[in-house]
Amino acid sequence: MRDQLISYFPVVCATFLVALVLVTALTPRVEAFARRIGALQQGGGRRVHEGAVPNIGGVAIFGGFMVALLVGSLVRPELLAAYREELLAIVLGGALMTLVGFFDDLWEVPVGTRLLCQFVAAGILVVNGVRVDFITNYFGASPYQFFGVPLAAVLTLLWVVGFTNAFNFIDGLDGLSSGLAAISSLALLAVAVQLPDRGAAVLLLAALAGAALGFLRHNYNPAKVIMGDSGAYLLGYVLAAVSVLGSLKVTAAVTVAAPILILALPVLNITQVTLRRLSRRANPAAAANDHLHDLIRVRSGSKPLTVLVLWGAALVLGACGMTLSQTPPELIYLTVLATVVLVGGVSFLRVRELARETRL
């Protein structure tokens, strides 16, 4: 595995750093542009932030993410050969998701239209071979249970669209979603780098982690800009797609389970929200303050503490997912340490910036 890590190291470093630097630099410019065109989300009521905050931060995430993918693909192009078509499919679908989210941030696209576009983006994955083809068979003679193409297509569509919306649902507090995306990306990256010929997954996850951290630099409480649907759709879609990309879902005798565990927090949130609303005969898609972050915020009385609690839960789930995928303990420890340092570091920079602004 040591040779595997060394082969991926230049791609990971280049892609991650480009995404981090570019999104950090682009976000203030997108913030200024959003204020000029009136792309603002008013706080108060159901929304827990205060004042009018620019809500198209996903544009900065998308820009840095795409440039980082391009740079990373030029560092070691031979590493992408095995999944080049799948990589392009994820990029195309991610661009569609960002565009739909951007329009929704500006003009509130009808739910039916959003869902249709999401299924189209998920369909792009299916027709290009990014599918949940099999799961671990714990009780049969064969180690894997393979699906036929129709069932695999349906499962993939439901997973990608479902997780994309689940990730959007949990985007309710400053810094929460960008931090969760960084934590999940780094955990999945630790799984991916163990496997040969997984350059596409490594490239996508390194770019996503860097982009999420770059945005968190301006999104931590109190946020100067929020990602909006354009950012949440992009992050959720790419995480869902990468979790079923080729052998990322195959680690020893475990398929699908490890990535799902790493990404479990948004799934748990949307599940409890849906059940809670159905129990009181309310529309599951209607906006309400009954998400996990809302429940914890009310009990704790602190938005930053709520974010830290959920980040911690995501980190624990990530460590469990890495353990389930039989990731070496040394790599798990290194990933957890790097995640804490990176997420904590960029958050601290935002806190220090706020303190400096307050003194002035």
Point to revise | ILE56 in a loop (DSSP other than H, G, I, E, B), closer than 22 Å to PRO222 by Cα and either over 22 Å from the mean Cα position of the chain (by Cα) or not charged (D, E, K, R) (or both) | key: yes
Exercise for review: Looking only at the stretch 96-154, count how many residues are outside any helix (DSSP H, G or I) and either at pLDDT 95 or above or more than 22 Å from ILE260 (Cβ to Cβ) (or both).
Suggested key: 4
Check your understanding: Hey, does the stretch 162-173 have a residue that's modelled with pLDDT of 90 or more, touching a Phe, Trp or Tyr at 6+ places or on another chain (Cβ under 6 Å), assigned to a loop (DSSP other than H, G, I, E, B) and buried (at least 17 other Cβ atoms within 10 Å of the Cβ)?
Key -> no
Review point. How many residues, within the stretch 307-333, are touching a residue at least 24 places away in the same chain (Cβ under 8 Å) and out of contact with any His (no Cβ under 9 Å at 6 or more places or on another chain)?
Key: 17
Exercise for review: Restrict the check to the stretch 70-77 and report whether at least one residue is surrounded by 22 or more Cβ atoms within 10 Å (Cβ to Cβ), touching a residue at least 24 places away in the same chain (Cβ under 8 Å), more than 16 Å from SER177 (Cβ to Cβ) and aliphatic (A, V, I, L, M).
Suggested key: no
Exercise for review: Hey, can you tell me all the residues within the stretch 292-306 that are of a type outside the set (Asp, Glu), in contact (Cβ under 8 Å) with a residue 60 or more places away in the chain and out of contact with any Lys or Arg (no Cβ under 9 Å at 6 or more places or on another chain)?
Suggested key: LEU292, PRO304
**Study point:** Filtered residues of the stretch 337-360 (kept if within 14 Å of LEU176 (Cα to Cα) and outside any helix (DSSP H, G or I))
**Key:** none
**Study point:** Among residues of the stretch 30-53, those that are at pLDDT 95 or above and either under 28 Å from ARG297 (Cα atoms) or surrounded by 22 or more Cβ atoms within 10 Å (Cβ to Cβ) (or both), counted
**Key:** 3
Exercise for review: Kindly indicate whether LEU203 is in a helix (DSSP H, G or I) and either closer than 15 Å to ILE90 by Cβ or touching a residue at least 24 places away in the same chain (Cβ under 8 Å) (or both).
Suggested key: yes
Practice item. Report the residue count in the stretch 76-119 for those that are under 19 Å from ALA166 (Cβ atoms), touching a helix residue (DSSP H, G or I) at 6+ places or on another chain (Cβ under 9 Å) and of a type in the set (Val, Ile, Thr). Key: 4
Check your understanding: Is the stretch 16-26 home to any residue that is touching a Pro at 6+ places or on another chain (Cβ under 9 Å) and among the aliphatic types (A, V, I, L, M)?
Key -> no
Exercise for review: Looking for whichever is within 17 Å of the chain's Cα centre (by Cα), modelled with pLDDT under 95 and under 18 Å from ALA187 (Cβ atoms) here; the options are GLY312, GLY321. Which one fits?
Suggested key: GLY321
Practice item. Select from the stretch 282-309 the residues that are more than 18 Å from ILE262 (Cα to Cα), modelled with pLDDT of 85 or more and part of a helix (DSSP H, G or I) and list them in ascending order. Key: LEU295, ILE296, ARG297, VAL298, ARG299, SER300, LYS303, PRO304, LEU305, THR306
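The values are calculated or read from the model by the stated rules, or taken from the named source; none is laboratory data. Values in this document were obtained by computation on a predicted structure and should not be read as measured data. With ideal geometry, Cβ positions are generated from the backbone for all residues, glycine too; neighbour counts draw on all protein chains shown.
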